[in-house]
Amino acid sequence: YALDVPSVKALEEIARSWKVSKSEALRRAIRLAAAQEPPRSSDGVAALKDLQRALALTPARARAWAGRVRKERRWAGVRREARGR
């Protein structure tokens, strides 16, 4: 493994405060991190649903938005072709 300078300094400080070697401090930190409950994979989906709810995004509004974006992209492509790019 490789650590950047701020991580090495933090590891050294932790090792000093725990009065252990850097290797032992790193082992303990890894064990502590591994013991924590991993984030639920559905958190991203929940965040998306919250955002959609906050925006009052209905299927009809989503289709309208997608249509506007497609139209803008086509228009941008036509402009680029007209300029010879």
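Stretched out fully, how many nm does the piece from S21 to T58 gain, at 0.36 nm a residue minus the Cα gap?
Working: separation 37, 0.36 × 37 = 13.32 nm, distance 5.67 nm.
Extra length available between S21 and T58 comes to 7.7 nm.
If you take the square roots of the eigenvalues of the alpha-carbon gyration tensor of the chain and sort them as a ≥ b ≥ c, do you get rounded (a/c under 1.5), prolate (a/b over b/c) or oblate? Could the numbers behind the result be given before it?
Numbers: a/c = 5.66, a/b = 2.17, b/c = 2.60.
Oblate shape, in that a/c is at least 1.5 and b/c is the bigger or equal ratio.
Which order do peptides 14-20, 55-61 fall in by mean Cβ count within 10 Å, highest first?
In descending order of packing, they fall as 14-20, 55-61.
Ignoring ligands, DNA and RNA, please state the percent of accessible area on the chain from carbon and sulfur, probe 1.4 Å.
The nonpolar share, carbon plus sulfur, comes to 58 percent.
Per residue, how large is the accessible surface of the chain? Use a 1.4 angstrom probe and give square angstrom.
On the way: 7690 Å² over 85 residues.
Dividing the accessible area of the chain by its residue count gives 90 Å².
The values are calculated or read from the model by the stated rules, or taken from the named source; none is laboratory data. Because the structure is predicted, anything quoted here is derived from the model rather than measured. Cβ atoms come from the backbone with ideal geometry, glycine included; neighbour counts cover every protein chain shown. For the accessible areas, the whole protein counts, side chains as well, though only heavy atoms, and no ligand, DNA or RNA atoms are used. Shrake-Rupley method; radii C 1.70, N 1.55, O 1.52, S 1.80 Å.
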